[in-house]
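Participant: Sharing a structure, written as structure tokens. Questions coming.
Only the coordinates and a few stated rules stand behind these numbers; no lab work does. Computed from a prediction, not measured in an experiment: that's the story for all the values here. Positions of Cβ are generated from backbone atoms using ideal geometry, with glycine treated the same way; all protein chains shown enter the neighbour counts.
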Amino acid sequence: MDNEKPTYQRILLKLSGEALMGPGQYGVDLDTINGIADEIREVHDLGVELAIVVGGGNIFRGVSKAAAGMNRATADYMGMLATVMNCLALQDALERKGLETRVLSAIEMRQIAEPFIPRRALRHLDRKRVVIFAAGTGNPFFTTDTAAALRAVEMQAEVIMKATKVDGIYTDDPATNPDAIMLKTVTYMDVLQKGLRVMDATAISLCMENKLPILVFNLNRRGSIRCAVMGDKIGTLVKEK
């Protein structure tokens, strides 16, 4: 075991629901979620305090259903419930790896999750429990990206680590434009003004106001979470300047 110390001591990890699908088109792939749990345990063993926000797009995507004619608030609440299912799956995988976890939900459902109370969540982190935030902000019209930014500020995290399926932020969609260039660093204002696909504008504005950096990296590369917390040069860092 090396003597390197992590660059970050407390992080907010943002996982999309799609990250849990693996090769499938829907739901949770057990091999994939177990692999993610292995990486989270590796980081936890370094002494890093972890808070996690999970999306629900692998089960239900509120925005797309609203666009198809469903009431937006109803669709968003259904999406929040989808995140709860993902959080329980992640909790199960982590606890089978020997980690102590707590799921805190913004919508009360005491049989399966604790209600979100900031002081309680901070106490769990202080006790080295992995804290998993479910049900977004508990309000419709806000994405899980905004929930991640909000929870990161509330938990006094040093960085948001957004795990994606690409290596970082590009000047264009690399899937359709082979000339797209990956950016190593980018400012909050550049993200907002150029419409770069990182997080929604509300989440970016909240991070900018609180000077909270965002690291966007590829979750599909084995060991990427550890590399990120150790300060290795991976992904794209969104910061003030």
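Participant: Defining a contact as two alpha carbons under 8 Å apart and six or more residues distant in sequence, what relative contact order in percent does the chain show?
Facilitator: On the way: 489 pairs, mean separation 52.9, N = 241.
It rounds to 22 percent for the chain.
Participant: A further question on this structure: For the stretch 10-239, what does the alpha-carbon gyration tensor say about shape, rounded, prolate or oblate, given a ≥ b ≥ c as the root eigenvalues, a/c under 1.5 as rounded, and a/b over b/c as prolate?
Facilitator: Details: a/c = 1.34, a/b = 1.12, b/c = 1.19.
The shape class here is rounded.
Participant: Of the candidates Lys194, Lys211, Lys14, which one comes out as most mobile in a Gaussian network treatment of the chain with C-alpha springs shorter than 10 Å?
Facilitator: Lys194
Participant: Using the Cα centre as the reference, give the magnitude of the dipole from point charges on the C-beta atoms of the stretch 10-239 (Lys, Arg: +1; Asp, Glu: -1; all else neutral), rounded to the nearest 20 debye. All intermediate terms of the calculation are to be shown ahead of the outcome.
Facilitator: Numbers: 28 positive and 26 negative charges, 88 e Å.
My answer is approximately 420 debye.
Participant: Rounded to the nearest Å, what's the spacing between the alpha carbon centres of the stretch 110-157 and the stretch 175-241? Just the number, please.
Facilitator: Using only Cα atoms to place each centre, the spacing works out to 21 Å.
Participant: Between Arg96 and Gln156, how high is the FRET efficiency from 1/(1 + (r/R0)^6) when r is the Cβ-Cβ distance and R₀ = 35 Å? Nearest 0.05. Can you show the working numbers first?
Facilitator: Working: r = 29 Å, r/R0 = 0.83.
Rounded to the nearest 0.05, the efficiency is 0.75.
Participant: Something else about it: In the chain, which helices (entire DSSP H runs) extend 30 Å or more along their own long axis, judged by Cα positions, while averaging at least -1.0 on the Kyte-Doolittle scale? Provide the component values of the computation, followed by the final result.
Facilitator: Details: long enough: 72-96 (36 Å, 0.28).
Those that pass (Cα extent of 30 Å or more, hydropathy at least -1.0) are 72-96.
Participant: Under 10 Å, Cα contacts only: if you run a Gaussian network model on the chain, which one of Pro140, Pro178, Pro115 comes out with the highest mean-square fluctuation?
Facilitator: Among Pro140, Pro178, Pro115, the largest GNM mean-square fluctuation belongs to Pro178.
Participant: Separate question: Using only helices, what value at 222 nm comes out for the chain when you add -39,500 (n - 2.57) per DSSP H run of length 4 or more and divide by the total residues, to the nearest 500 deg cm²/dmol? List each step's numbers first, then the result.
Facilitator: Values: 8 runs with 88 residues, N = 241.
Rounded to the nearest 500, the figure is -11000 deg cm²/dmol.
Participant: Loop-only check: which chymotrypsin sites (Phe, Trp or Tyr not before Pro) in the stretch 81-164 are DSSP coil with at most 15 other Cβ within 10 angstrom?
Facilitator: Details: sites: Phe116, Phe133, Phe141, Phe142; in loops: Phe116, Phe141, Phe142.
The qualifying sites are Phe141.
Participant: So, one more: With a 10 Å cut-off between alpha carbons and a GNM built on the chain, which of Thr143, Thr74, Thr202 moves the most?
Facilitator: Thr74
Participant: Among DSSP beta bridges lying fully in the chain, give the percent that are antiparallel, nearest 5.
Facilitator: 15 percent
Participant: Just to confirm the filter: which GluC sites (Glu not before Pro) across the stretch 46-153 are DSSP coil and have at most 13 other Cβ within 10 angstrom of their Cβ?
Facilitator: Numbers: sites: Glu49, Glu95, Glu100, Glu108; in loops: Glu100, Glu108.
Sites meeting the loop and neighbour criteria: Glu100, Glu108.
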